[in-house]
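Read-outs throughout are calculated quantities, based only on the coordinates presented, and are distinct from any laboratory measurement. Just so it is clear, the model here is predicted, and its values are computed rather than measured. Cβ: placed from backbone, ideal geometry, glycine included. Neighbour counts: every protein chain shown.
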Amino acid sequence: MTNLDEAINNLSSDDVKVRKGAVESLVGITDEKAIEPLIKATTDESAQVRFKAAEILGSMGDVAVDKLIEEFENAEGKDKRFLAFALKETEDNKVIPYFVEACGDEDFGVRKVAVRSLGELQAENELDTIAKCLEDEDWGVKLAAIQALGDIATDESIKLIKGIRKTEDDKDFKKSCNKAIKKAQKRQKAKASGEAVVKVIPMSTIKEMEKTNVQKAIKEYERYVEAKQAKDAPYKRLCVLYRKANDYDNEVRVIETAIEVFDGTKKVDYFTKRLAKLK
């Protein structure tokens, strides 16, 4: 029995500690054999197992997205929440229509993830759907809709935020509206200047992530590279991680991007030397 088979079998153990260990051991896996067992694990009685299983499925991307969509359409209630999270993590635009439909789901948790995802996926054509969520009976869904509009960052989305801000008396809600407007305006300014608008999380958080989910850490470091940010640490960490994975092509790509970004500075020396050794 392979380690993968053993981990899959352990996901069905009666011992929650064994199940937790099993799902942790599957971090970074891309084998299709693990998809259905992980989907089943998103309904585990342990919140830790459910969340980690959903996170792994999302990190698998194209390999898992079609099966996730199929399961998502057939799921109900709380079981659907973690599948929604997994779908969001795939960052695949093909999931947008399913999130549009899910904005009318009976479960508030599903609606919340769905509308937030529309913002993160930059679903500009779905402003009407997001706007309907501003009238949701659940406070969390309304706030998620505000955040989504802030992510989309168009004149129309900002106008929608300002409109709902006028109708609400709650100070905290108004603060959330103001924060979303500032974020949207900052994004608009960045777009106007030709900058790549990419959501990044703190380096310290990603460094910790390397210990538990290298695949996701790589994905987050790559956001810095995509935005061509002038911080050399993300590029260096990616070089190390790709070297460990014997991924020569991606390491060279990151180095060449870094050389372009840091050209004319002392930071470029590290990358030119690293590239020379590779060649």
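Could you run the Karplus curve 6.51 cos²θ - 1.76 cosθ + 1.60 with θ = phi - 60° over region 11-27 and give me ³J(HN,Hα) per residue in whole Hz, x for Gly and Pro?
Each residue's phi maps through the Karplus curve to give 5, 9, 5, 6, 8, 4, 5, 5, 5, 5, x, 5, 5, 5, 6, 8, 4 Hz.
What are the ³J(HN,Hα) couplings of region 250-266, residue after residue, when phi is run through the Karplus curve with 6.51, -1.76, 1.60 and θ = phi - 60°? Round to Hz, x for glycine and proline.
Each residue's phi maps through the Karplus curve to give 6, 5, 5, 4, 5, 4, 5, 5, 4, 4, 5, 5, 9, 4, x, 10, 5 Hz.
How far is the Cα center of region 146-224 from the Cα center of region 27-73, in Å?
26
Output the relative contact order of region 239-279, whole-number percent, from Cα pairs under 8 angstrom with separation of 6+ residues.
So the answer I get is 32 percent.
Please state the relative contact order of region 1-155 as a whole percent: Cα pairs under 8 Å, 6+ residues apart?
Across region 1-155, relative contact order equals 15 percent.
Ranking 57, 143 by Cβ neighbours within 10 Å, fewest first, what do you get?
Placing the least packed residue first, the sequence is 143, 57.
In straight Cα distance, which lysines are under 27 Å from residue 78, not counting same-chain residues fewer than 8 positions off?
Straight-line reach from residue 78, under 27 Å: 17, 20, 33, 40, 52, 67, 88, 94, 112, 132, 142, 216.
Length gain on complete extension for the stretch residue 66 to residue 27, per 0.36 nm per residue less the alpha carbon to alpha carbon distance?
Additional length available on full extension: 12.1 nm.
How much mean residue ellipticity at 222 nm does the chain get from its helices, if each DSSP H run of length 4 or more adds -39500 (n - 2.57) and you divide by all residues, to the nearest 500 deg cm²/dmol? Walk me through the numbers on the way to the answer.
Values: 17 runs with 202 residues, N = 279.
After summing the helix terms and dividing by residue count, I get -22500 deg cm²/dmol.
Dividing the convex hull volume of the Cα atoms of region 3-192 by its residue count, what figure in Å³ per residue is obtained?
Values: hull volume 23.3 nm³, N = 190.
Spread over its residues, the Cα hull of region 3-192 gives 123 Å³ apiece.
Using amide H atoms built in the peptide plane, which far-off residues or other-chain residues are under 5 Å from residue 168 H to H?
Answer set, sorted by chain and number: none.
So what is the relative contact order of the chain, in percent, for Cα pairs below 8 Å that sit 6 or more residues apart? Please report the intermediate quantities before stating the final value.
Working: 341 pairs, mean separation 27.1, N = 279.
In percent, rounded to a whole number, it is 10.
Based only on other Cβ atoms within 10 Å, what is the fewest-to-most ordering of 146, 161?
161, 146
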